[in-house]
Amino acid sequence: MEVLKDRYTITELSEYLNVTDHALRYYEKEFNMYVPKDRRGRRYYTTDLANIMYQIKNMRDEGLEIKAIKKLLQPEIEVAEPQPVNETDNTSITPYDTKNNTLEIQKFFKEFGDQITSSFSVEVTSAKDHFTSELNKTKLELGACLENNIRKMECKMDKHFQNVDKSIGIWRERNKGGLLRRLTSKVFKNS
């Protein structure tokens, strides 16, 4: 294939090879090829990748099956490693290994989950201890308040009963002689 550009978008390459975008994606998957993406997440095919796709298309047109093409092109596919990204190029990002990144992301989230669980556990224990302490303090304050109110009530009751006893004593003094004496004292008083 005559290379016209350093890069092809999936649409450009599919038009150039006269295949569908779907066919290119299928070949990527079947041949386990890494196709870099720009910052916007769009595929771009390097010269090497475009040549490999051209060879795959020609072999398919000749009637070869995917298994046979894999055996024939495997050395070329392995050599066609992703090219380093030019630092001044704003349209591309550094290629990465999806499997390793997936494992790293899983490891990150596992560690993050463990940290959150640990932190949450510490916070719950701290809150529980604080709550228990506050409950005990409130319990002691309520107990002391109740005792104080009981003492005040007992003092008031004692004073009340002393006043009742005094009143009963005064009434008894007045009514010592009984009913007959009161009547006679009233009769003699009036006469």
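The values are calculated or read from the model by the stated rules, or taken from the named source; none is laboratory data. Since we're looking at a predicted model, the values are computed, not measured. For neighbour counting, all protein chains shown are included, and Cβ atoms are generated from backbone atoms with ideal geometry for every residue, glycine included.
Observations, loosely collected:
- Residues in the range 1-43 that are part of a strand (DSSP E or B) and under 37 Å from the mean Cα position of the chain (by Cα): 3 in all.
- Of the residues making up the range 57-67, at least one is closer than 17 Å to Ile10 by Cα, at pLDDT 85 or above, assigned by TED's automatic domain parsing to the domain that holds Ser14 and surrounded by 10 or more Cβ atoms within 10 Å (Cβ to Cβ).
- The one condition in (1) surrounded by 15 or more Cβ atoms within 10 Å (Cβ to Cβ); (2) more than 22 Å from Gln74 (Cα to Cα) that Asn18 fails to fulfil: (1)
- Test for Ala68: is it without any contact (Cβ under 8 Å) to a residue 60 or more places away in the chain and closer than 27 Å to Asn100 by Cα: no
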